[in-house]
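Reading through the structure tokens given below for one structure.
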Amino acid sequence: MGGWQGSAANRPYIDSGYRHNGNVEQGQKSALFETKLKPDRYEVRLSYPPNRNRAENVPVTVIHMADSRMIRVNQRENSPIDGVFISLGQFEFGNIAKVEVGTGETNGYVTVDAVQFLPVTE
């Protein structure tokens, strides 16, 4: 995550802080979360600390199996899950799961904090 600034100015966040793009170089920065998983269906959640100076249109792309899906996230709004996470949906993954937070065409600060992959039990 080169070029992203560390901060702990706004809560809530996971662990000891989060990173933001400084509201500069829109479209030139992105952050990739990548992990190995047991192939299965997972709910993907994103954590960010909300603030009125955040972007309302953050492009978040979930890369799953041989496909991807982009979701726009409003980081000005409070996170609905435990005040920390927002669900991006449920996806089938192979061995690798990726989530990319972009900055293209955004209208404020973009923050990156954490991603959760929770197995879906039906």
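Worth pointing out:
- Considering the conditions (1) under 27 Å from Asp40 (Cβ atoms); (2) surrounded by fewer than 20 Cβ atoms within 10 Å (Cβ to Cβ), Asn74 is excluded by exactly one of them, (1).
- Any hit, the range 101-112, residues being of a type in the set (A, V, I, L, M), touching a Leu at 6+ places or on another chain (Cβ under 7 Å) and surrounded by 17 or more Cβ atoms within 10 Å (Cβ to Cβ): no
- Looking across the range 11-21, the residues that are within 16 Å of the chain's Cα centre (by Cα) and either outside any strand (DSSP E or B) or without any contact (Cβ under 8 Å) to a residue 40 or more places away in the chain (or both) come down to Arg11, Pro12, Tyr13, Ile14, Asp15, Gly17, Asn21.
- Filter result for Gly102 (within 26 Å of Ser16 (Cα to Cα) and at pLDDT below 95): no
- Looking only at the range 105-115, residues that are touching a Ser or Thr at 6+ places or on another chain (Cβ under 8 Å) and either assigned to a loop (DSSP other than H, G, I, E, B) or at pLDDT below 95 (or both) come to 2 in all.
The values are calculated or read from the model by the stated rules, or taken from the named source; none is laboratory data. This structure is a prediction, so every number in the text was calculated from the model and none was measured. Glycine gets a Cβ as well: all are built from the backbone with ideal geometry, and neighbour counts include every protein chain shown.
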